[in-house]
Amino acid sequence: MGTNGVGALALFLAASAAVCGGDAKDALNDPTRVDADFAVQGEYLGDVALAEGKAKTGVQVIARGDARFHAVFYPGGLPGDGWAKGQPKIEADGTTVEGVTTFATPTFVAKIRDQVMKLADPAGQALGELKRILRESPTLGLKPPEGAVVLFDGTSTDQFENGRMSDEKLLKEGTTSKLKFQDATFHIEFRLPYMPKASGQGRGNSGCYFQARYEVQILDSFGLEGRDNEAGGIYSVGAPLVNMCYPPLSWQTYDVEFTAARWENGRKVKNARLTVRHNGVVVQNDIEADHATTASPWKEGPEPGPLYLQDHGNPVRFRNIWVLPKK
């Protein structure tokens with residue numbers, strides 16, 4: 001975890017001067033062409049004064065477009081860093097007026113200016129100050145171990161069927177690895193597009209299908225509940241233990257231990273199993289996948305299968321993908 005307010009502010013200033021043009025989908029992945037809301041959305045962390053003393057508090061601010069926002073306040077810290085799924089939280093809507101973004105609740109008012117959030121009680125008494133931070137996955141840039149097969153490193157798409165590379169040397173969604181596998185360890189880095197006016201399954205949707213059968217969902221579910229059809233979920237099988245989704249245009253990681261289903265005489269005798277780390281945090285712990293995902297291109301079977309990166313109409317980007325087959 002670290003702060004980088006200067007860098008984010010630079011992106012905002014660059015965006016203010018940018019001249020829009022080119023492909024609309026490319027713009028969703030271009031941090032120099034974001035709107036002013038981009039510099040407000042994100043994660044905030046600091047201490048807040050309570051009756052029993054100061055307490056660490058995290059906030060996730062989600063851009064909804066046209067200077068509208070939704071904020072989720074997490075007592076104890078951010079998801080995966082002090083706050084656990086099921087603990088209390090507070091949510092509020094807010095808007096930006098003359099450079100100040102305001103959220104009001106019955107017990108406090110929060111105002112953001114220049115990437116600093118200040119909280120006060122209804123009488124105006126200061127409660128605390130939270131700063132915008134940019135978290136980074138501890139496995140970002142993880143190098144492939146000995147024996148691993150590099151599927152994508154930005155040099156070519158030779159390891160993928162119908163692989164397409166962006167001008168930034170990133171792998172585009174909608175491609176299938178030529179390599180097929182059984183049990184294996186995967187490292188996948190992905191970036192969600194900035195789509196503030198989209199919602200639900202229309203906001204940064206893709207998916208990693210292991211053996212082209214079992215999907216770990218990719219979605220801009222930053223600040224959401226954390227369901228099986230959101231980031232870190234095994235689609236239609238299980239919700240993540242905690243929603244570790246970072247804000248759009250942040251690089252994120254999936255580190256997955258995949259164990260293939262076992263078959264004897266054409267009959268499945270053991271289900272596939274997955275352990276998933278999202279941004280370094282275990283969100284699926286040795287979970288059984290008792291069926292293939294509905295949208296999977298391959299039916300369940302004993303044959304090894306590829307890694308499929310779904311095209312769901314949104315420009316999700318990938319880099320640093322490797323797989324370590326298990327003997």
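Selection of first residues in the stretch 130-144 that are on the phi < 0 side of the Ramachandran plot and of a type in the set (D, E, K, R) and of second residues that are open to solvent by 50 Å² or more (accessible area, probe 1.4 Å) and at pLDDT below 95, restricted to Cβ pairs under 6 Å at least 6 apart or on distinct chains, gives the following pairs, ordered by first then second residue: Arg135/Met1. Restricting attention to the stretch 118-146, the residues that are more than 24 Å from Val72 (Cα to Cα), in contact with a strand residue (DSSP E or B) (Cβ under 6 Å, 6 or more places away or on another chain) and open to solvent by 60 Å² or more (accessible area, probe 1.4 Å) total 1. What are the pairs, 6+ residues apart or on separate chains, where a residue within the stretch 309-327 that is modelled with pLDDT of 95 or more has its Cβ under 8 Å from a residue that is assigned to a loop (DSSP other than H, G, I, E, B) and among the hydroxyl-bearing types (Ser, Thr, Tyr)? Pairs that qualify, where the first residue is modelled with pLDDT of 95 or more and the partner is assigned to a loop (DSSP other than H, G, I, E, B) and among the hydroxyl-bearing types (Ser, Thr, Tyr), are Arg317/Ser166.
In the stretch 101-145, the residue that is farthest from Arg319 (Cα to Cα) out of those that are among the hydrophobic types (A, V, I, L, M, F, W, C) and touching a helix residue (DSSP H, G or I) at 6+ places or on another chain (Cβ under 9 Å) is Val116. Say we look at the stretch 80-96 and pick out the residues that are in a loop (DSSP other than H, G, I, E, B) and in contact with a Leu (Cβ under 9 Å, 6 or more places away or on another chain); which of these is nearest to Leu241 (Cα to Cα)? Across the stretch 80-96, the extreme among qualifying residues is Lys85. Assessment of the stretch 256-267 against the conditions (in a loop (DSSP other than H, G, I, E, B), more than 24 Å from Ile321 (Cα to Cα) and within 23 Å of the chain's Cα centre (by Cα)) yields no matching residue. Residue count for the stretch 169-181 satisfying the condition of being more than 22 Å from the chain's Cα centre (by Cα) and surrounded by fewer than 17 Cβ atoms within 10 Å (Cβ to Cβ): 3. Among the residues of the stretch 225-239, just one is among the hydrophobic types (A, V, I, L, M, F, W, C) and under 11 Å from the mean Cα position of the chain (by Cα), namely Ala231.
Applying a threshold of 6 Å to beta carbon distances and a minimum spacing of six or more residues, or different chains, the list of pairs starting in the stretch 220-248 at a residue that is closer than 20 Å to His70 by Cα and ending at one that is acidic (Asp, Glu) reads Ser221/Glu230; Leu224/Glu230; Pro248/Asp220.
If you filter the stretch 77-106 down to residues that are of a type in the set (Gly, Ala, Ser) and open to solvent by 30 Å² or more (accessible area, probe 1.4 Å), you find that the one that is nearest to Pro193 (Cα to Cα) is Gly80. Tell me yes or no: at least one residue of the stretch 212-235 is at positive phi, open to solvent by 10 Å² or more (accessible area, probe 1.4 Å) and touching a helix residue (DSSP H, G or I) at 6+ places or on another chain (Cβ under 9 Å). No: zero hits. Among the residues of the stretch 283-318, those that are more than 23 Å from Val150 (Cα to Cα) and not in a loop (DSSP other than H, G, I, E, B) comprise Val283, Gln284, Asn285, Asp286, Ile287, Glu288, Ala289. On the basis of being under 21 Å from the mean Cα position of the chain (by Cα), closer than 25 Å to Pro306 by Cα and buried (at least 16 other Cβ atoms within 10 Å of the Cβ), does Phe160 make the cut? No, not satisfied.
The values are calculated or read from the model by the stated rules, or taken from the named source; none is laboratory data. What you see is a predicted model; the values in this text were computed from it and never measured. Cβ: placed from backbone, ideal geometry, glycine included. Neighbour counts: every protein chain shown. For accessibility, only protein heavy atoms count, side chains too; no ligands or nucleic acids. Shrake-Rupley method; radii C 1.70, N 1.55, O 1.52, S 1.80 Å.
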